[in-house]
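A.B. asks: After the structure tokens below, expect a handful of questions from me.
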Amino acid sequence: MAYNTMAFLLIFLPAALAAYQLTPGRYRKVTLLAASWLYFWLMSGNLLGYLLLTTGAVYGTARLMNAPAVRKKEEDGLHLRALILGAGLVFVLGLLFYLKYDSFVISTLNRLLAWGGSSVSLTVPQILAPVGISYYTLEAVGYLLEVYWKRIAEEKDFVRLALFLSFFPQTLEGPIARYTDTAQQLTEGKPLTAQNLESGALRILWGLGKKMIIADRLAMIVKPIFGHYGEYQGVMILIGALAYTMQLYMEFSGVIDIVIGTAKMFHVRLPENFRLPFLAHNASEFWRRWHISLGTWFKNYIFFPVSTSAGVKRWNRFAGKKFGRNTARITVSAMALFPVWLANGVWHGPQWNYIFYGLYYFVIILAEVILEPVNRKIEHSCQRIGQTRSMAAGSALRMTWNGFRIVKNWVVILVGEMFFRAASLGAGMHMFRSIFAGAEVQKLTDGTIQGFGFSRADFLAVICGTIVVFLTELVFDRKKLDEEWILRIRTPLRWCVFYSLFFTVSVFGAYGTGYQPVDLIYAGF
């Protein structure tokens with residue numbers, strides 16, 4: 001029952017809204033928690049028990065850290081709070097490791113043993129992981145760290161904490177929220193309003209359009225190329241990488257639109273997860289605009305703690321005196337970035353191509369850190385030319401340089417997403433080599449793409465839809481607008497927008513006889 005299905009949109013969501021509204025205000029948080037646990041059970045069955053186990057462990061750890069007896073021990077110089085935090089993190093992350101990575105680690109050990117000539121073979125367990133475990137685990141870890149650092153007080157209301165970890169719109173794909181982002185909103189119990197329902201419905205329709213009109217059509221190209229990558233090379237591999245990159249963006253951002261719209265109906269504002277990522281000038285900026293909540297989590301709980309740790313500070317002082325400030329800056333960046341990008345790769349799943357994907361961005365972003373002085377010199381040169389010669393010349397140079405950086409970043413993104421989507425690291429390497437093995441430009445016109453089931457009408461729907469999405473999101477971003485702005489325009493025009501979205505999705509959406517439903521990509525992480 002994914003968020004884009006009729007079962008969710010026409011049955012579960014209306015039932016949850018009705019139950020919420022009919023419940024007295026002070027008990028609405030209980031109804032919302034029951035709906036969230038029910039949704040989780042419908043998606044994962046008895047694996048709901050793992051979510052409950054994590055919730056109980058997180059609640060107990062936070063309460064124990066701030067118990068009077070523990071605080072007294074802390075005052076006496078015993079680091080009991082740190083030990084309790086460590087035990088809680090080991091339990092929560094250990095549960096994630098057991099459910100998601102146990103089989104991967106044992107399979108890797110078996111390959112190493114076989115490579116070393118050993119006849120020993122460990123049994124690989126077949127373990128099912130509940131949906132959303134990577135998302136709610138990060139939220140749980142962030143909450144425990146915030147309590148330990150005394151940025152927030154421990155939550156005494158079990159329902160509020162449980163709802164923070166299991167709010168059903170966030171179950172499958174996030175966004176990953178901080179406790180201060182949503183916990184208070186989730187339990188206020190405000191009644192439904194026409195404005196929130198309209199605003200939420202508008203955002204849901206927008207997300208459905210991106211998913212059903214664009215992403216699901218692009219899947220018709222992506223699946224055969226990545227599934228039979230050995231049969232293609234050159235331009236076809238590039239088309240596959242481009243199609244997957246756009247499919248991933250349109251689906252993931254579209255589902256997040258549905259999630260944010262659904263939450264808004266319950267008076268909950270979730271953090272945005274995308275902001276025109278393909279206009280980024282470099283990989284660092286791309287990740288500040290793509291999957292924003294994940295990047296923010298890594299920045300808050302890995303990058304900053306590592307970069308401000310005593311050991312890194314000591315190295316920074318030593319390296320600055322011994323090797324110079326620039327070398328110190330680069331090495332400190334490497335020490336802080338490496339765990340971030342290793343964790344990013346591992347978080348996405350137990351596959352080597354995901355780990356490679358994380359380390360790929362580590363290398364790219366570290367290279368950007370190294371080349372930052374060169375980039376600053378070029379920008380200063382453009383500015384100086386604008387001041388000494390003409391503003392037009394300086395502006396033209398800046399536009400050319402920025403355009404080059406965007407195109408260069410597109411290459412970085414496409415290569416990264418190709419490895420990300422590949423069936424394995426070996427498959428990704430094969431596809432990368434195949435780009436240079438031959439052009440195969442003739443496949444653009446010999447009916448190969450149409451043989452995937454991708455017709456000219458599908459092509460037009462994807463191109464027109466992508467242009468509309470890009471221009472609309474560009475205008476809304478530049479003007480600082482959101483869907484609530486549409487609610488303030490005149491009623492006839494507002495309803496034209498609603499009906500246009502509804503009929504566009506209904507007419508041009510990929511569904512119906514012969515249509516193969518496309519699973520949510522990020523629901524698997």
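The values are calculated or read from the model by the stated rules, or taken from the named source; none is laboratory data. Please read these numbers as outputs of a predicted model, since none were measured by experiment. Every residue, glycine among them, receives a Cβ derived from its backbone with ideal geometry; neighbour counts consider all protein chains shown. These accessible areas exclude ligands, DNA and RNA; they are computed on the full protein's heavy atoms, side chains included. Shrake-Rupley method; radii C 1.70, N 1.55, O 1.52, S 1.80 Å.
A.B. asks: How do the helices (runs of 4 or more DSSP H) wholly within region 1-119 filter down when requiring 2 or more residues that are modelled with pLDDT of 95 or more and touching a helix residue (DSSP H, G or I) at 6+ places or on another chain (Cβ under 8 Å): which remain?
C.D. replies: On the way: elements: 13-22, 28-44, 48-65, 68-75, 80-100, 102-115.
Ranges flagged: 13-22, 28-44, 48-65, 80-100.
A.B. asks: Of the numbered conditions (1) open to solvent by 30 Å² or more (accessible area, probe 1.4 Å); (2) in contact with a Ser or Thr (Cβ under 9 Å, 6 or more places away or on another chain); (3) in contact (Cβ under 8 Å) with a residue 12 or more places away in the chain; (4) of a type in the set (A, V, I, L, M, F, W, C), residue 346 fails exactly one; give the number of that condition.
C.D. replies: (2)
A.B. asks: Do we find a residue being aromatic (Phe, Trp, Tyr) and farther than 30 Å from residue 345 by Cβ anywhere in region 395-407? Reasoning before the result, please.
C.D. replies: Filtering region 395-407 for residues aromatic (Phe, Trp, Tyr) gives 401, 404.
Pick out the ones that are also farther than 30 Å from residue 345 by Cβ and you get 401.
So far as region 395-407 goes, yes, one or more of its residues are aromatic (Phe, Trp, Tyr) and farther than 30 Å from residue 345 by Cβ.
Here is a yes/no grid of residues against (1) farther than 22 Å from residue 419 by Cα; (2) surrounded by fewer than 24 Cβ atoms within 10 Å (Cβ to Cβ):
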{"site": "204", "(1), (2)": "yes, no"}
{"site": "210", "(1), (2)": "yes, no"}
{"site": "220", "(1), (2)": "no, yes"}
{"site": "283", "(1), (2)": "no, yes"}
{"site": "298", "(1), (2)": "no, yes"}
{"site": "312", "(1), (2)": "yes, yes"}
{"site": "319", "(1), (2)": "yes, yes"}
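A.B. asks: Of all residues in region 226-249, count the ones that are closer than 21 Å to residue 461 by Cβ and in contact with a Leu (Cβ under 7 Å, 6 or more places away or on another chain).
C.D. replies: Adding up the residues that qualify gives 6.
A.B. asks: Mind checking which residues of region 155-175 are touching a His at 6+ places or on another chain (Cβ under 9 Å) and either modelled with pLDDT of 95 or more or open to solvent by 10 Å² or more (accessible area, probe 1.4 Å) (or both)? Write out each step before concluding.
C.D. replies: Let us first name the residues in region 155-175 that are touching a His at 6+ places or on another chain (Cβ under 9 Å), namely 174-175.
Within region 155-175, 175 is the sole residue that qualifies.
A.B. asks: For residue 13, only one of the following conditions fails: (1) open to solvent by less than 30 Å² (accessible area, probe 1.4 Å); (2) over 20 Å from residue 158 (Cα atoms); (3) out of contact with any Ser or Thr (no Cβ under 9 Å at 6 or more places or on another chain). What is its number?
C.D. replies: (3)
A.B. asks: Residues to consider are 99, 112; find the one that is farther than 15 Å from residue 148 by Cα, open to solvent by 20 Å² or more (accessible area, probe 1.4 Å) and hydrophobic (A, V, I, L, M, F, W, C).
C.D. replies: Working: 99 fails: open to solvent by 20 Å² or more (accessible area, probe 1.4 Å).
The match here is 112.
A.B. asks: Shifting gears a bit: Let me confirm something: among 139, 154, 74, 146, which residue is under 26 Å from the mean Cα position of the chain (by Cα) and over 24 Å from residue 46 (Cα atoms)?
C.D. replies: On the way: 139 fails: over 24 Å from residue 46 (Cα atoms); 154 fails: under 26 Å from the mean Cα position of the chain (by Cα); 74 fails: under 26 Å from the mean Cα position of the chain (by Cα).
Being under 26 Å from the mean Cα position of the chain (by Cα) and over 24 Å from residue 46 (Cα atoms) holds for just one of 139, 154, 74, 146, which is 146.
A.B. asks: Checking the condition among the polar types (S, T, N, Q), touching a Lys or Arg at 6+ places or on another chain (Cβ under 6 Å) and in contact (Cβ under 8 Å) with a residue 60 or more places away in the chain, which residue from 166, 199 passes?
C.D. replies: Details: 166 fails: touching a Lys or Arg at 6+ places or on another chain (Cβ under 6 Å).
After applying the criteria, what remains is 199.
A.B. asks: Next question. Looking at region 222-247, which of the residues that are polar (S, T, N, Q) and open to solvent by less than 30 Å² (accessible area, probe 1.4 Å) is farthest from residue 441 (Cα to Cα)? Walk me through how you get there before you give the answer.
C.D. replies: So the first thing to find is which residues in region 222-247 are polar (S, T, N, Q), and the list is 233, 245, 247.
Next, only the ones that are open to solvent by less than 30 Å² (accessible area, probe 1.4 Å) stay: 245, 247.
Details: 245: 20, 247: 22 Å.
Filtering region 222-247 for residues that are polar (S, T, N, Q) and open to solvent by less than 30 Å² (accessible area, probe 1.4 Å), the one farthest from residue 441 (Cα to Cα) comes out as 247.
A.B. asks: Oh, and also: Taking the condition of being open to solvent by 40 Å² or more (accessible area, probe 1.4 Å) and either within 30 Å of residue 252 (Cα to Cα) or in contact (Cβ under 8 Å) with a residue 40 or more places away in the chain (or both), how many residues in region 321-338 meet it?
C.D. replies: Total meeting the criteria: 3.
A.B. asks: Let me ask another. Quick one: would you say residue 384 is surrounded by 14 or more Cβ atoms within 10 Å (Cβ to Cβ) and in a helix (DSSP H, G or I)?
C.D. replies: Details: surrounded by 14 or more Cβ atoms within 10 Å (Cβ to Cβ): no; in a helix (DSSP H, G or I): yes.
For residue 384, the condition - surrounded by 14 or more Cβ atoms within 10 Å (Cβ to Cβ) and in a helix (DSSP H, G or I) - is not met.
A.B. asks: How many of the residues making up region 18-47 are touching a residue at least 40 places away in the same chain (Cβ under 8 Å), touching a Ser or Thr at 6+ places or on another chain (Cβ under 9 Å) and hydrophobic (A, V, I, L, M, F, W, C)?
C.D. replies: Total satisfying the criteria: 6.
A.B. asks: From the list 508, 470, 502, exactly one residue is surrounded by 13 or more Cβ atoms within 10 Å (Cβ to Cβ), farther than 24 Å from residue 173 by Cα, within 27 Å of the chain's Cα centre (by Cα) and not acidic (Asp, Glu). Which is it? Please lay out each step first, then the result.
C.D. replies: On the way: 470 fails: farther than 24 Å from residue 173 by Cα; 502 fails: farther than 24 Å from residue 173 by Cα.
The unique qualifying residue is 508.
A.B. asks: Can you run down the residue pairs with Cβ atoms below 9 Å, 6 or more apart or on separate chains, where the first is in region 149-161 and in contact (Cβ under 8 Å) with a residue 12 or more places away in the chain and the partner is part of a loop (DSSP other than H, G, I, E, B) and of a type in the set (S, T, N, Q)?
C.D. replies: From region 149-161, the pairs are 153/66; 154/66; 157/187; 159/187; 160/187.
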